[in-house]
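Notes follow the structure.
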Amino acid sequence: MKYAKREFERRFLLRGEPPSLPRQYLSILDAYFVDTTLRLRRVVNSDGTNAVYKLTQKKKDADGQMWITNIYLSEAEATLFRSLPSVMLEKRRYHIERGATGQAIDIVENLPEMIVLLEVEGDTAADIQDFPRDFDIVREVTHEEEYTGCAIAQRSALFLSSRR
């Protein structure tokens with residue numbers, strides 16, 4: 001894992017959209033490539049500026065540690081990858097300032113029910129040890145497969161195809 005970085009992250013399902021979110025957010029479009037551990041992400045500021053494209057791999061090692069590798073792409077390179085079979089996930093991400101840990105609220109709306117997730121990230125396991133405060137948390141979903149981005153994208157694809 002020479003070029004990968006260990007990922008320390010916890011995810012929590014929230015009861016709904018928090019009442020006081022920042023005005024600025026990121027529009028994220030993820031393409032999860034079928035039968036791979038790869039994701040192509042397009043990130044655009046809420047004002048429509050500054051598109052960034054990342055090819056990402058998240059993979060667990062034999063000890064169960066998650067590792068993440070990112071490659072930043074040009075728009076032309078991202079277009080090439082978009083031709084591969086994938087399932088898509090659109091979401092809004094709001095970054096919340098909370099000390100040393102990174103916290104973000106992800107909101108997915110293109111499902112029968114809105115999904116609101118709180119992600120807490122740190123540089124070490126100790127950074128994410130404390131239970132987040134000031135959020136209406138239903139439960140922690142860090143280890144629940146149905147709340148991974150790929151699983152939500154698959155549910156979204158099924159929902160959207162059933163509406164056609």
Amide H neighbours of residue 25 at under 5 Å, excluding residues fewer than 5 places away on the same chain, with H built from the backbone geometry, are 46
For residue 87 the rounded accessible area (nearest 10 Å², probe 1.4 Å, non-protein molecules ignored) is 30 Å²
Within a Gaussian network of the chain (alpha carbon springs, distance under 10 Å), most fluctuating of 86, 46, 20: 20
For a quick check, take a GNM of the chain with Cα springs below 10 Å and name the residue from 63, 47, 106 with the largest mean-square fluctuation. 63
Under a straight-distance cross-link criterion of Cα-Cα below 17 Å, which lysines are reachable from residue 60, leaving out those fewer than 8 residues away in the same chain? 2, 5
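Where does segment 6-59 land on Rg/Rh, using Cα atoms and the Kirkwood Rh?
With Rg and the Kirkwood Rh in hand, the quotient comes to 1.03.
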The alpha-carbon center of segment 90-124 and that of segment 39-53 are separated, in whole Å, by 16 Å
What value, in deg cm²/dmol to 500, does the helix sum -39500 (n - 2.57) over DSSP H runs of n ≥ 4 give at 222 nm once divided by the residues of the chain? -4000 deg cm²/dmol
Between beta-carbons, use under 9 Å as the cut-off and find the net charge around residue 117, counting Lys and Arg +1, Asp and Glu -1. 0
Can you give the accessible area per residue of the chain, in Å², using a 1.4 Å probe? 62 Å²
In terms of the charge dipole of the chain, which places +1 on Lys and Arg and -1 on Asp and Glu at the beta carbon, the residue among 128, 12, 87 farthest towards the positive end is 87
Mean-square fluctuation check for the chain, GNM, Cα pairs under 10 Å: which of 15, 92, 39 is largest? 15
Rounded to two decimals, the Debye log10 I(q)/I(0) of segment 63-164 (Cα scatterers, no solvent) at q = 0.19 Å⁻¹ is -1.20
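The values are calculated or read from the model by the stated rules, or taken from the named source; none is laboratory data. Note that the coordinates shown come from a computational prediction; the quantities given were computed from them, not determined experimentally. FYI the Cβ positions are ideal-geometry reconstructions off the backbone, even for glycines, and counts take in every protein chain you see. When the accessible area is computed, the model is the full protein with side chains, heavy atoms only, and any ligands, DNA or RNA have been set aside. Shrake-Rupley method; radii C 1.70, N 1.55, O 1.52, S 1.80 Å.
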